[in-house]
1. Would you be so kind as to identify which of 351, 338, 309 lies farthest towards the positive end of the dipole of the range 302-353, taking Lys and Arg as +1 and Asp and Glu as -1 on Cβ and the Cα centre as origin?
2. Subtract the Cα-Cα distance of residue 441 and residue 129 from 0.36 nm times their separation in residues, and report this length gain in nm to one decimal.
3. Would you tally the net charge around residue 308, using a Cβ to Cβ cut-off of less than 13 Å, leaving residue 308 out, and scoring K and R as +1, D and E as -1?
4. Report the gain in length on full extension from residue 239 to residue 91: 0.36 nm times residue separation, minus Cα-Cα distance, nm rounded to one decimal.
5. Mind telling me which of 418, 85, 221 comes out most flexible in a GNM of the chain, alpha-carbon contacts under 10 Å?
6. Could you work out the helix-only [θ] at 222 nm for the chain, with each DSSP H run of four or more residues adding -39,500 (n - 2.57) and the total divided by the number of residues, to the nearest 500 deg cm²/dmol?
7. Could you grab the relative contact order for the chain? Cα pairs under 8 Å, six or more apart, rounded to a whole percent.
8. Run the dipole for the chain about the Cα centre, Lys and Arg Cβ at +1, Asp and Glu Cβ at -1, nothing else charged, and hand back the magnitude in debye, nearest 20.
Amino acid sequence: MSARTELARVDLRGRTPSVAELRSALPRGGVDVDAVLHQVRPVVEAIRDRGVEAALEFGEKFDGVRPAQVRVPRAELTRALAELDPDVRAALEVAIERTRKVHADQRRVDTTTEVVPGGTVTERWVPVERVGLYVPGGNAVYPSSVVMNVVPAQAAGVESLVVASPPQAAFGGLPHPTILAAAELLGVEEVWAVGGAQAVALLTYGGTDTDRDGSELAPVDLITGPGNIYVTAAKRLCRGLVGIDAEAGPTEIAILADGTADPVHVAADLISQAEHDVMAASVLVTTSTALADAVDDALTAQLALTKHQERVATALAGSQSGVILVDSIDDGLRVVNAYAAEHLEIQTENASEVAGRVRSAGAIFVGPWAPVSLGDYCAGSNHVLPTAGCARHSSGLSVQTFLRGIHVVDYSEAALEDVARHVINLANAEDLPAHGEAVRLRFESLQ
């Protein structure tokens, strides 16, 4: 008989901790990016200096394989799609269709504001010119991440994009064929067989490929997509030379539940998130000790049947996972807003009303029929979301990630003259008189 699985508990009943106290008391996963910067910096610098050759050397060292070239031949994308399991293809097509439908509605339109007669400011929304979309390997294969990165970039109007994913020794140095097939389904023509920190560095600096023609691997302007701690460290080192979406930490789920929740559903959802990684966080916030006990029972039963049992058990036993006991749903909302989960499920009475009161979450899943797994694949929402409490100030990947707002200022002579004295007075108040002169001289020279 397997040992009983019991999540660690934090009892906040009878207490009203401050936000600061909540942030320190709640279980939280995390990685110390600073601790690996010294390992990643030489990788980034070598690729900056030696380009593709250095990237391939590090790939051979870390991934155990050295592809003949970085760019995956188009024929391999075509072949991967032709050989894809029809059921997987059908599922990907549904995921793509629904994700495109949601993201199409996110596209912004240019707006022009007439500030005064003859003076307008137009906000133009311009897509990033070239983006690199990182799709991790490791514990699992993530064609869904291809969808979640590519669709919003395409909806934004990005004209040049490249998917980078680690080479696999089992597939002759190519990324996993399901990744290639997903790229082909989406119309992506450029895929690089490079992973980890070396992928981020090569996307940043570019280089010359090792194929017969010495093809250019053009650098990008923005890198998106999740990855391990080494990918995150490389993003930090390259930020400024390129834009990044976020520094992703371990994945996490929080479930706010009362006594009406089904413990089997709750346990299944906690396990599904723990399946990602031993550092994944699975947190239950509940008003019901009876539910918490029943969830432990269900975890024990389900864990015995879980494929990745050791990985899941390690994640559930970690300091990043646990149960938070609260007196009321209002108290539970304070907890989940302080926690700011990547994924937040609401499994309570009046779940829609409760969900409407959440202020901080990467994505919110309402009621018993909207599990996080749905959002991972086929809800239409994006699953590249802020982690480690960053949902308090940041959003998930969207069309907006790939757009830049540019203000276009268009003033007539009369409109500038009307406000000139105010510009001059403010410039003098800031002790920047040349700013005022740039306005005054325009009118003096006309006299």
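Read-outs: derived from the displayed coordinates by stated rules, not from any lab. The structure presented is a predicted model; accordingly, all values stated were derived computationally and were not measured. Note that each Cβ is placed from the backbone with ideal geometry, even for glycine, and that neighbours are counted across all protein chains shown.
1. Result: 309.
2. 108.5 nm
3. My count for the surroundings of residue 308 gives -1.
4. Length gained, residue 239 through residue 91: 49.8 nm.
5. 418
6. After summing the helix terms and dividing by residue count, I get -13500 deg cm²/dmol.
7. 22 percent
8. Using only the charged Cβ atoms, the result is roughly 360 debye.
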